[in-house]
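Worksheet: the structure to be examined is printed underneath.
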Amino acid sequence: MADNVFIAFQTSDESRAIVEAILADNPGTTVDEQPAMVRVIRPGSLTIRRETVEEHMGRDFDLQELQLYLITLTGNIDETDDAFTLAWHN
Amino acid sequence: MDMPTTTKKKLGIKEKYALMTRGLDWETTYQPMDKVFPYAKFEGIKIHDWDKWEDPFRLTMDAYWKYQAEKERKLYAILDAFNQNNGHLGITDARYVNTLKLFLNGISPLEYMAHRGFAHVGRQFPGVGPRVACQMQSLDEMRHAQTQIHSMSNYNRYYNGFHSFPEMLQKVWYMSVPRSFFDDAYTSGPFEFMVAIGFSFEYVLTNLLFVPFVSGAAYNGDMGAMTFGFSAQSDEARHMTLGLECIRFMLEQDPDNIPIVQKWIDKWTWRGIRVLTLVAMMMDYMLPKKVMSWKEAWEIYFEENATALFNDLARYGIKMPDCAKQALIDKEHISHQAWATFYQYSAVSNFHGWLPSSEEMDWLSAKYPDTFDQYYRPRFEHWAKEAAEGRRFYNTTLPQLCQVCQIPMIFTEPTDPTQICYRESEFEGDKYHFCSDHCKNIFDDEPEKYVQAWLPVQQIYQGNCFMPDADPTKPDFNPIEEVLRYYNLQNGRDNMDYVGSEDEANFRAWRQTSTQN
Amino acid sequence: MQLDLRTVTVKPLRQTFTHVARRIGGDKPASRYQEGIYDLQATINFHYRPLWAPEYEIFDASRTAIVMADWYKLLDPRQFYYGSYTLARARMQEAAEADFALVEDRDLAAAIPPAVRELALRLYVPLRHLEWGGNTNCMFMAAYGFGTAFTSPALYHAMDHLGMAQYLTRVGLTLGNEAALDEAKAAWIEGAEWQGLRKYVEDCFVLSDWFELFIAHAVVLDGLLFPLFYGEIDTRLAGMGAGAVVTMLTRFEAEWFGESSRWTNAVVKLAAAESEANKARIEGWIAQYLPLARAAVEGPAGIIFGAETAGVVDQLVEQFSARLAKLGITVSAKG
Amino acid sequence: MPVKAIKDYPLRVADSVDKFHGNIMLFVGWDQHLMFCAPFAWALPPAMRFGDLIEGIFPASFGAHPDFALIDWSKVEWLKSGKPWAPDVNKSLAENGLGHKDCLRFRTPGLCGIKGSGS
């Protein structure tokens, strides 16, 4: 099985919407809730899509805004205007 | 020149960033490039094309200012509220505050060093992409140093042990562990610095400090620490990515770089692991309410993470460092070994020591079923009995230190947890001692560097850790008191047992005033 | 048990850190600037010498000829720590963004006569490289300077130069297109009018005394260049039909120079006031660099001012000398 | 391997013997007694009698351990740099061949720490 990538956020309204968007777009994602933070984990890769986040937030969302809620992540990053992807290349 | 100003296509983030950043630099001709960038080649790393650098996060300065200012607004609003509402009285127990003392004294000044180190590398790399990334990291690290100081400033007003953190980092015995780690990285060449900090400090160290430990701070009611911790780590996500990108870039530029990078990864993984000993003890012994054990945190944030990472790097021929095997064994031991050390040397430390309660020992037994009861419980129970009979054990003889990691030689043989691990090398007629094969290897590779180590024990015995007015020839000269005076450590307030301390008494009294008139 | 912690009045044991109290004259409440700056840089008991500079300690006051008994005298009058710095820049960024958006949405660039627009591109876009040079030089000061009081504003200065290089890139993209960037780079590398500036900046890249570098770039060069471009040239272009458009697109730079000069002025004044030797050293550097900087800015100034150039630049030098006189520095043309 | 520096790198030994005012540093650890978290370090005159180290210095450093009073010093096994070694208690440190930053360990057969845990 592919190695896991993960991304963790501080708990907040915004990050709840981001996590929901991740779950909608990435089947097989698991959620690990810790005090004041939430970590989402998925084998191989994980993509945050701008449009899906916007649907869950009900407003425009610039992916660079992730900076505000993010705590940590693993994997290689590829960022465009529409998607933010974490992946291991193996 | 034809300049249509209308119907411009909207630029994507990658194109926009490329235009905004790439191409700003140029090949100098009035001065030779080797003179402009004098440190780029001596480490032996070969770079053929700096433009092959992939920018991991594409933040232009305007976006940087916008998002970082937003983070700062949130952070200081929470801090102000926490301070105004006496948030420090809402923590689980004032023992917890001792983790913050370690943090402010031992970690925050390293953030400052990271800022200076990245300023240096951000000046010296000949490529514009990595330079801009390093410069932003330099600025972020200043943020971390200052937000940590500002967060803990309020604790300094009410608790002991915080009051002289920059001085203590430069003087107090155990502080030479984190400090020498950073001095080592800073004095290395710019590429090694990137592996040391971008990989070891960010990927190995801060992830374990700022994620599970800070989550623990939140669990213990410290919204201040939680806020600066998580907020800092959001920058670290960028930094880890930069470190990995730098490693990948070196590996892709020239096959000759691979063995050099491997050697640095081996060295710095181990340097980072040794410094983490302090964090291990913070998690297992110093958080009154515990989120997860050190061992569990290590498994999630190092083992799982590092395995994935090294699988990813395998295509370049990079292997998991050998020291990871020893770390796999050590995760069962280091928190106990470290806490036992600080307990016995707490007369000369700037935070308090205490023994785990019987409930805490049961928790440790459950988390460490293969080691705690067999090797460590007897030690703590013996000390508890001694203390109860009025013989609280304070060790007053100075310990032997490892020449490289500078931790007292407390670590045991990987094959025998009852045997201290001794390693030795000779260089230019002098003997040098190490806690492990890995520290010895680091020394043997660059002995000229590590013979310079400012080892606190050696310095005390040379007479270099007294104030200028101290007179060792006087009959009533008390060397320990004089060393504490040099440390600016307030004897009887900053040090010794938590039980009976001013911190304990004040916390209890202040909490009581909140329930009575 | 529910605690009402807000009602508790507890008397603090101390107001601030010991090292801060020592500097502000006793244990009293200290500002975030003071707590975030004082004594952060290590000064003793270093472990190893740099492999890249074994002649120095990690931080070493002997990296400059300037001597201060206390390097924390060089305080920043803006009292910037990271938080106040980013908030100040975020406000400026917001204003700049609004200006760029207005110019782009209304296509105000189209209203400028093409020749004037081309002139603006010729003048401003090559400066993005000069700003990158400013970034390089200020990073040197941030890295090798002594004392956080100086090095942290030097870092802000460096990042500001990067920001301005990026704003000037946007000026190129707003008034022109990507080709404007290529043409500007070609001009910077080969155009005769830019070579004086490029040489000046490259010569700065190899200086080893960080305070000398501070004088050469941040005080002398920027001291002529910003008033030239964001004052004289801007006014002239406005009169030629650019209206307020160029002014709007370079507002950040103009505002920045006004604000950041408070810092550069303070450093010069405080360092010179420390000793006659410092003052003589600073005056010597200014006498050495001012003629070079003057000749360097005459290149691009000539693009727009032609025969009037010498007069315009004379006036800038005069203003600069008056500014320095207020700081206790006498400017003489030859050193 | 020599260090890879940009130019000649000075050799600056921070704890060479000339800096100890005539003393030498000596390290001693007691195997299987990890209650003392690490071996101890002292700066001692090389003319000091080895027996004085045991009788005059050890009690203050190792005496807190309940096993210490039970040690039969004639049966103690010594190691120097990890190899078996036999001191002459009546000779000086120097005469015993001890130099700056030598590292000794001693073992006390039958005494294995608190409750035999190696502590």
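Can you name the condition, by its number, that residue B:82 falls short on among (1) part of a loop (DSSP other than H, G, I, E, B); (2) at pLDDT below 95?
For residue B:82, the failing item is (1).
Out of curiosity, is residue D:70 surrounded by fewer than 16 Cβ atoms within 10 Å (Cβ to Cβ) and out of contact with any Gly (no Cβ under 8 Å at 6 or more places or on another chain)?
On the way: surrounded by fewer than 16 Cβ atoms within 10 Å (Cβ to Cβ): yes; out of contact with any Gly (no Cβ under 8 Å at 6 or more places or on another chain): yes.
So residue D:70 passes the test.
Select from region B:209-255 the residues that are within 17 Å of residue B:91 (Cβ to Cβ) and aliphatic (A, V, I, L, M) and write down the one among them that is surrounded by the fewest Cβ atoms within 10 Å (Cβ to Cβ).
The residue in question is B:223.
Go through region B:148-157 and give me each residue that's at the interface with chain C (Cβ under 7 Å from one of its Cβ atoms) and touching a helix residue (DSSP H, G or I) at 6+ places or on another chain (Cβ under 6 Å).
At the first step, the residues of region B:148-157 found to be at the interface with chain C (Cβ under 7 Å from one of its Cβ atoms) are B:149-150, B:153, B:156-157.
Answer for region B:148-157, where residues must be at the interface with chain C (Cβ under 7 Å from one of its Cβ atoms) and touching a helix residue (DSSP H, G or I) at 6+ places or on another chain (Cβ under 6 Å): B:149, B:150, B:153.
Please go through region D:22-42 and give me each residue that is more than 7 Å from chain B (Cβ to nearest Cβ) and at positive phi, ordered by number.
D:22
Residue by residue through region B:394-416, note down the ones that are surrounded by fewer than 16 Cβ atoms within 10 Å (Cβ to Cβ) and either at the interface with another protein chain (Cβ under 9 Å from one of its Cβ atoms) or polar (S, T, N, Q) (or both). Full working, then the answer.
Initially, region B:394-416 is screened for residues surrounded by fewer than 16 Cβ atoms within 10 Å (Cβ to Cβ), giving B:396, B:413, B:415-416.
Selection gives B:396, B:415, B:416.
Which numbered condition in (1) more than 7 Å from chain B (Cβ to nearest Cβ); (2) part of a helix (DSSP H, G or I); (3) surrounded by fewer than 24 Cβ atoms within 10 Å (Cβ to Cβ) is the only one that residue C:146 fails?
(2)
Could you pull out the residue among B:265, B:273, B:258 that is touching a residue at least 60 places away in the same chain (Cβ under 8 Å), surrounded by 24 or more Cβ atoms within 10 Å (Cβ to Cβ) and either within 19 Å of residue B:319 (Cα to Cα) or facing another protein chain (nearest Cβ under 10 Å) (or both)?
Details: B:265 fails: surrounded by 24 or more Cβ atoms within 10 Å (Cβ to Cβ); B:258 fails: surrounded by 24 or more Cβ atoms within 10 Å (Cβ to Cβ).
B:273 is the lone residue from the list that is touching a residue at least 60 places away in the same chain (Cβ under 8 Å), surrounded by 24 or more Cβ atoms within 10 Å (Cβ to Cβ) and either within 19 Å of residue B:319 (Cα to Cα) or facing another protein chain (nearest Cβ under 10 Å) (or both).
Search region C:200-216 for residues that are away from chain B (no Cβ under 11 Å) and pair each with any residue that is hydroxyl-bearing (Ser, Thr, Tyr) and in a helix (DSSP H, G or I) when their beta-carbon atoms are under 9 Å apart and the residues are at least 6 apart or on different chains.
Note: pairs meeting the criteria are C:212/C:289; C:214/C:264; C:215/C:289; C:216/C:200; C:216/C:289.
Applying the selection to region B:361-376, what residues are in contact (Cβ under 8 Å) with a residue 12 or more places away in the chain, under 13 Å from residue B:284 (Cβ atoms) and in a helix (DSSP H, G or I)?
Scanning region B:361-376 gives B:361, B:363, B:364, B:365, B:367, B:372, B:376.
Residues of region C:24-51 being under 25 Å from the mean Cα position of the chain (by Cα) and not in a loop (DSSP other than H, G, I, E, B), which ones? Give the steps one after another, and end with the answer.
First, pick out the residues of region C:24-51 that are under 25 Å from the mean Cα position of the chain (by Cα): C:31-41.
Scanning region C:24-51 gives C:32, C:33, C:34, C:35, C:36, C:37.
Do you know which residues across region B:437-467 are hydrophobic (A, V, I, L, M, F, W, C) and either within 10 Å of chain D (Cβ to nearest Cβ) or surrounded by 21 or more Cβ atoms within 10 Å (Cβ to Cβ) (or both)? Can you show your working first?
The initial filter retains those residues of region B:437-467 that are hydrophobic (A, V, I, L, M, F, W, C), namely B:439, B:442-443, B:451, B:453-455, B:457, B:460, B:465-467.
Passing the criteria: B:439, B:442, B:443, B:451, B:453, B:454, B:455, B:457, B:460, B:465.
Considering only residues that are touching a residue at least 12 places away in the same chain (Cβ under 8 Å) and farther than 14 Å from residue C:325 by Cα, which ones fall in region C:268-289?
Looking only at region C:268-289, we keep the residues that are touching a residue at least 12 places away in the same chain (Cβ under 8 Å), and these are C:268-275, C:277-279, C:281-289.
Answer for region C:268-289, where residues must be touching a residue at least 12 places away in the same chain (Cβ under 8 Å) and farther than 14 Å from residue C:325 by Cα: C:271, C:274, C:275, C:277, C:278, C:281, C:284, C:285, C:288, C:289.
Being more than 9 Å from every other protein chain (Cβ to nearest Cβ) and either in a loop (DSSP other than H, G, I, E, B) or touching a strand residue (DSSP E or B) at 6+ places or on another chain (Cβ under 8 Å) (or both) narrows it down to one of A:40, A:53, so name that one. Steps first, please.
On the way: A:53 fails: either in a loop (DSSP other than H, G, I, E, B) or touching a strand residue (DSSP E or B) at 6+ places or on another chain (Cβ under 8 Å) (or both).
Residue meeting the stated conditions: A:40.
Which residues, taken from region B:352-393, are at the interface with chain D (Cβ under 10 Å from one of its Cβ atoms) and within 21 Å of residue B:493 (Cα to Cα)?
B:391, B:393
Within region D:55-74, can one find any residue that is polar (S, T, N, Q), more than 30 Å from residue B:372 (Cβ to Cβ) and part of a helix (DSSP H, G or I)? Give the steps one after another, and end with the answer.
Within region D:55-74, the first condition is being polar (S, T, N, Q), and the residues that meet it are D:61, D:74.
So of that shortlist, the ones also more than 30 Å from residue B:372 (Cβ to Cβ) come out as D:74.
Among the residues that remain, those that are also part of a helix (DSSP H, G or I) are: D:74.
Yes, region D:55-74 has at least one match.
When only residues in region B:17-43 that are of a type in the set (D, E, K, R) and at the interface with chain C (Cβ under 9 Å from one of its Cβ atoms) count, which is nearest to residue B:189 (Cα to Cα)?
So, considering only residues that are of a type in the set (D, E, K, R) and at the interface with chain C (Cβ under 9 Å from one of its Cβ atoms), the one nearest to residue B:189 (Cα to Cα) is B:43.
With the requirement that a residue be more than 22 Å from residue D:3 (Cβ to Cβ) and without any contact (Cβ under 8 Å) to a residue 40 or more places away in the chain, what does region C:43-80 give you?
Matches in region C:43-80: C:43, C:44, C:62, C:70.
Among (1) among the small types (Gly, Ala, Ser); (2) assigned to a loop (DSSP other than H, G, I, E, B); (3) without any contact (Cβ under 8 Å) to a residue 40 or more places away in the chain, which single condition is residue C:90 missing?
With (1) among the small types (Gly, Ala, Ser); (2) assigned to a loop (DSSP other than H, G, I, E, B); (3) without any contact (Cβ under 8 Å) to a residue 40 or more places away in the chain applied to residue C:90, the lone miss is (2).
Of these, B:61, B:20, B:33, which one is within 30 Å of residue C:81 (Cα to Cα), of a type outside the set (Phe, Trp, Tyr) and modelled with pLDDT of 95 or more?
Working: B:20 fails: modelled with pLDDT of 95 or more; B:33 fails: within 30 Å of residue C:81 (Cα to Cα).
Every option except B:61 fails the conditions.
Given the criteria more than 15 Å from residue B:503 (Cβ to Cβ), of a type outside the set (S, T, N, Q) and more than 9 Å from every other protein chain (Cβ to nearest Cβ), does residue B:114 qualify? Step through it out loud before you land on a result.
Working: more than 15 Å from residue B:503 (Cβ to Cβ): yes; of a type outside the set (S, T, N, Q): yes; more than 9 Å from every other protein chain (Cβ to nearest Cβ): yes.
So residue B:114 passes the test.
Report yes if residue C:161 is within 30 Å of residue C:91 (Cα to Cα), part of a helix (DSSP H, G or I), touching a residue at least 12 places away in the same chain (Cβ under 8 Å) and more than 10 Å from every other protein chain (Cβ to nearest Cβ), otherwise no.
On the way: within 30 Å of residue C:91 (Cα to Cα): yes; part of a helix (DSSP H, G or I): yes; touching a residue at least 12 places away in the same chain (Cβ under 8 Å): yes; more than 10 Å from every other protein chain (Cβ to nearest Cβ): no.
When the stated conditions are applied, residue C:161 does not pass them.
Could you tell me whether any residue of region B:109-132 is surrounded by fewer than 23 Cβ atoms within 10 Å (Cβ to Cβ) and not in a helix (DSSP H, G or I)?
Yes, region B:109-132 contains at least one residue that is surrounded by fewer than 23 Cβ atoms within 10 Å (Cβ to Cβ) and not in a helix (DSSP H, G or I).
Yes/no per residue for (1) more than 8 Å from chain B (Cβ to nearest Cβ); (2) assigned to a helix (DSSP H, G or I); (3) over 22 Å from residue C:240 (Cβ atoms); (4) under 20 Å from the mean Cα position of the chain (by Cα):
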position: C:99; (1), (2), (3), (4): yes, yes, no, no
position: C:102; (1), (2), (3), (4): yes, yes, no, no
position: C:116; (1), (2), (3), (4): yes, yes, no, no
position: C:123; (1), (2), (3), (4): yes, yes, no, yes
position: C:152; (1), (2), (3), (4): no, yes, yes, yes
position: C:172; (1), (2), (3), (4): yes, yes, no, no
position: C:184; (1), (2), (3), (4): yes, yes, no, no
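Hey, any hits in region C:224-244 for a residue that's surrounded by 20 or more Cβ atoms within 10 Å (Cβ to Cβ) and either within 11 Å of chain B (Cβ to nearest Cβ) or closer than 24 Å to residue B:32 by Cα (or both)?
No.
Evaluate region D:59-80: report whether one residue or more is at pLDDT 95 or above, under 22 Å from residue B:462 (Cβ atoms) and within 12 Å of another protein chain (Cβ to nearest Cβ).
Looking for residues that are at pLDDT 95 or above, under 22 Å from residue B:462 (Cβ atoms) and within 12 Å of another protein chain (Cβ to nearest Cβ), one finds at least one in region D:59-80, hence yes.
Can you work out which of the residues in region B:25-41 that are in a loop (DSSP other than H, G, I, E, B) and of a type in the set (A, V, I, L, M, F, W, C) is surrounded by the fewest Cβ atoms within 10 Å (Cβ to Cβ)? I'd like the intermediate steps shown before the answer.
Restricting attention to region B:25-41, the residues satisfying the condition of being in a loop (DSSP other than H, G, I, E, B) are B:25-32, B:37-41.
Still in the list and also of a type in the set (A, V, I, L, M, F, W, C): B:26, B:37, B:40.
Values: B:26: 15, B:37: 19, B:40: 20.
Step by step, filter region B:25-41, then rank; the result is B:26.
The values are calculated or read from the model by the stated rules, or taken from the named source; none is laboratory data. Please read these numbers as outputs of a predicted model, since none were measured by experiment. Every residue, glycine among them, receives a Cβ derived from its backbone with ideal geometry; neighbour counts consider all protein chains shown.
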